[in-house]
Amino acid sequence: MLIGRREFTEEIFERIRETVRSATQLTRSALARSVCDWIGWHGPDGRPKEMSCRAALVKLERRGLIELPPAREVNFERRVPQPAEVEWVWPQVKAPLADLGKIELVVVTGDVALSRQWRAMMKAHHPLTDGPLCGAQLRYLIVSDRGVLGGLSFSAAAWRLGVRDEWIEWSDATRAARLSLIVSNSRFLLLPTVKVAQLASYVLSLATKRIANDWLLRYGYKPVLVETFVDSQRYAGTCYRAANWRYLGMTQGRGRQDDEREAMVARKHVFVYPLRRDWRKLLTAPLVLPRLIPSVQTPSPVDWAAEEFGRCRLSPRLTQRLLTLARDFWARPMANIPEACASKTKTQAAYRFLSNDDVLFETLLQPHYATTEQRISELGEGEVVLVPQDTTSINYAKLSTTAGLGPIGTTADGAQGLHLHSNLAVTVQGVPLGFLEAQCWARDPAEHGKKAQRHALAIEEKESYRWIQSYQAVAAVQKRLPRQKLVSVGDREADIYELFAEAAHTPDGPDLLIRAQHDRAVQGEPKRLFDTIKAQPIVGFHVVQLPRQKNRPAREAKLAIRFAALTLCPPQGKHDLPPIAIRVVLAQEENAPKGTEPIEWLLLTTLAVENLEQASEKVTWYAQRWTIEVFHRTLKSGCNIEDRRLGHADRLDACLAIDMVIAWRIYYMVKLGREIPDLPADIFLEEAEWKTLCVYSTKNPVPPTQPPAIREANRMIATIGGFQGRKSDGEPGTETLWRGLERLHDMTGIWRIMASGP
């Protein structure tokens, strides 16, 4: 279909619809920029043709093909004079940094009252006043117990900048493609009434730790580098140097509007700060944009790989290679890459794919996140979806020459590897629906030992901040799925007071169900948390099924239940945080088998708990937290991810993204076979696969005309993998299933050859 002079294929229509549905927080401008990026709509100068794209999107909306976010109201009437602005009273502060208490950056963008305060402060005290800021932007207030201390902002990067472009080694084309990955620290102000040594560098460190994630939440992608300009006639940039920003040199004295090259403005110092280690690799890699193809009806996904990866924001060639790799990994989940690819040509193509600069962990998982969200949306209204999150380490000790890995043990020069923190959506029955968010990183060896100083660090500087970032990502999904209820579930590592404070500030976000680790003070109670809840009367008993763990056999546990509504006091040194009203459930096993450690779960939740039924329900839900541990075990032992042989950590985590979806699918297959056993097996198996399976298992050369039920198919596959099916064995697990899948793939290859005839 032609819109103006631009042809939109059905594929592009569908991607626009998907983007509009999922980007509820994006403005029309941000949406148009996103569309320009992935359909290659750029002008001769490389800039995105945003206004043309916005006009085309409006035409599509008028034809009823898409529904855009509401446009901002514009009033063209003559403005009446505004009353004088409020006279702001700024705090007078002269003290050491430690005396200010907790210092926070509060996002201003979108809040009218905070925005007025930010603008008034900049107009009064900043040489550049309050703007206008260029392009995409985020503004912050710097806040402490003493009040507002200042503000800062980030906005679009300079289009051309000689010292920066030379340092990055940019060509014009690459700069045009990658410029959006840089943001500019366009304003930074500490009020003149605030005299605090080291405050400026401390604020800059806070800002650089959170800008990438804040930018992602607002604009849908993460920048990798921050730049700033310091007027050389006024300042030396001391605070930027103290915050470890890198000095590149001086500008030529030309502003954005200096088309005549008159260089009439003051020259400025240029500083930059990388937000991730592989920033140069990402900024210098040429962006491969998908070409428009003739308008044809795009078929629905032909298989699971297309459903989970088909909408990846890669070029068509790379996307096709991704689908091929996913199918090969699924066919042989325990094999190494050459074995899974089964040919030298495909193996070399796989290594090239994983080495490509556009192939990133986050990019590969984005379409799976969207498909997981779709699976949740198809559940009934009011359905509860549990989202257990957990961290695991991946040991690559065998890869001593691989670059980019970090310590995973207690010593900086010990075992090396990566850390993975994932959020897996599961039904209350334990069926895994897929991931909603995941983070993969390598610890910096230079920061090893930081744990000893953890009490002096802000939460944003700690590794535990990833729990809060994960909660924020799930909260964004919850806003898009108001018909379902998401519950974030965590073990004792998730008992972070700031996490509960975040949930309290997000009333429309997911609920929390966390196992307590810290014996906190309780408001209005003489004793602390553990003793207070243990003093409550037993209201009843609840039985849970405990799965096998290491040397502990599976068993049934009868738990005594207590519950109460309490208010937790903030920890020492964090009195700037408010008290948190919470429901507490204690489940204790009173008659554990001899030689077995009794179960004791003290659960903190934002969910309603007013009777035994509701308390028992929360205990049952918490028991599903094991799904994330089972998944991590499946990932390591089933997909053998720790045996991958790749030359850099970036390639390992890209490969890990594919393996995660493979491991999830195997686990999904096991759980569906147990919970919904009558589903037809063709939801997982192709026709040739289930026919091969039936012929081999029944020894009947004539295959059935209809696929078997998934439970029956799982047992046949597991039998091929060594499952004996004894009465005491129960249903097959993931290990025998993935072994059987490998053998089934080889058998199916022979079946296809025989079926094709001479």
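In this simple spin-label model, placing a label point 7 Å from the Cα along the Cα-to-Cβ direction at both Ser400 and Ala173 gives a separation of 4.3 nm.
Taking θ as phi - 60° and the Karplus parameters 6.51, -1.76 and 1.60, the scalar couplings of the range 603-614 work out to 9, 10, 8, 9, 7, 5, 9, 10, 7, 4, 4, 5 Hz in sequence order, x denoting glycine and proline. When the surface is traced with a 1.4 Å probe over the full set of protein chains, Ile337 keeps roughly 10 Å² accessible. For a paramagnetic label modelled on Gln429 (point 7 Å from Cα along Cα→Cβ), amide N atoms under 15 Å away belong, within the range 653-677, to 668-677.
Placing a label point 7 Å from the Cα of Ala212 along the Cα-to-Cβ line, the residues of the range 146-174 whose backbone N sits under 20 Å from it are 153-158, 168-169. Among the listed pairs Lys94/Lys574; Lys485/Lys558; Lys594/Lys618, those whose Cα-Cα separation exceeds 23 Å are Lys485/Lys558; Lys594/Lys618.
Taken about its Cα centre, the range 640-758 carries a charge dipole of about 360 debye when Lys and Arg each add +1 at the Cβ and Asp and Glu each add -1 at the Cβ.
Put a plus charge on the Cβ of each Lys and Arg, a minus charge on the Cβ of each Asp and Glu, and nothing anywhere else: the dipole of the range 465-616 about its Cα centre is then about 420 debye. Taking each residue as 0.36 nm, the span from Glu378 to Val89 lengthens on full extension beyond its C-alpha to C-alpha distance by 98.8 nm.
What part of the accessible area of the range 96-221, given as a whole %, is carbon or sulfur when the probe is 1.4 angstrom? In the range 96-221, the share of accessible area belonging to carbon and sulfur is 53 percent. The protection proxy used here, the mean number of other Cβ atoms lying within 10 Å of each residue, ranks peptides 687-694, 377-384, 193-200 as follows, highest first: 687-694, 193-200, 377-384. Only Cα pairs under 8 Å and 6+ residues apart enter the sum, and on that basis the relative contact order of the range 656-749 stands at 30 percent. The length gained by stretching the chain between Arg277 and Glu67 to full extension, at 0.36 nm per residue less their Cα-Cα distance, is 71.7 nm.
If the chain linking Met754 and Glu493 were pulled fully straight, counting 0.36 nm for each residue of separation and taking away their Cα-Cα distance, it would gain 88.5 nm. In this structure Arg327 has an accessible area near 70 Å², from a 1.4 Å probe over the protein heavy atoms. When each of the peptides 172-179, 673-680, 700-707, 307-314 is scored by the mean number of other C-beta atoms lying within 10 Å of its residues, the order from highest to lowest reads 307-314, 172-179, 673-680, 700-707. Shown here for the range 592-645: chymotrypsin sites (Phe, Trp or Tyr not before Pro) in loop regions (DSSP other than H, G, I, E, B) with at most 10 other Cβ atoms within 10 Å, of which there are none. Taking every protein chain into account, the accessible area of the range 349-471 amounts to 39 square angstrom per residue (probe 1.4 Å).
Residue order by solvent-accessible surface for His632, His542 is His542, His632, largest first, with ligands and nucleic acids left out and a 1.4 Å probe. What the Cβ-Cβ distance of Leu612 and Ile683 gives, at R0 = 51 Å and to the nearest 0.05, is a FRET efficiency of 0.85.
In this structure, Ala285 and Arg480 have a Cβ-Cβ separation that, at R0 = 25 Å, corresponds to a calculated FRET efficiency of about 0.20. Proximity of backbone amide H atoms, modeled 1.01 Å from N, is registered between Leu486 and Val385, Asp511 at under 5 Å, excluding neighbours fewer than 5 places apart on the same chain.
Calculated accessible area for the range 534-636 comes out at 51 Å² per residue, all protein chains present (probe 1.4 Å; ligands, DNA, RNA ignored).
Computed in the context of the full set of protein chains, the accessible area of the range 599-713 at 1.4 Å probe radius has 48% of its extent on carbon or sulfur.
The values are calculated or read from the model by the stated rules, or taken from the named source; none is laboratory data. Quick caveat: nothing in here was measured; it's all calculated off a predicted structure. Neighbour counts are summed over all protein chains in view; Cβ atoms, including those assigned to glycine, are modelled from backbone coordinates with ideal geometry. The area values use the complete protein model at the heavy-atom level, side chains included, leaving out ligands, DNA and RNA. Shrake-Rupley method; radii C 1.70, N 1.55, O 1.52, S 1.80 Å.
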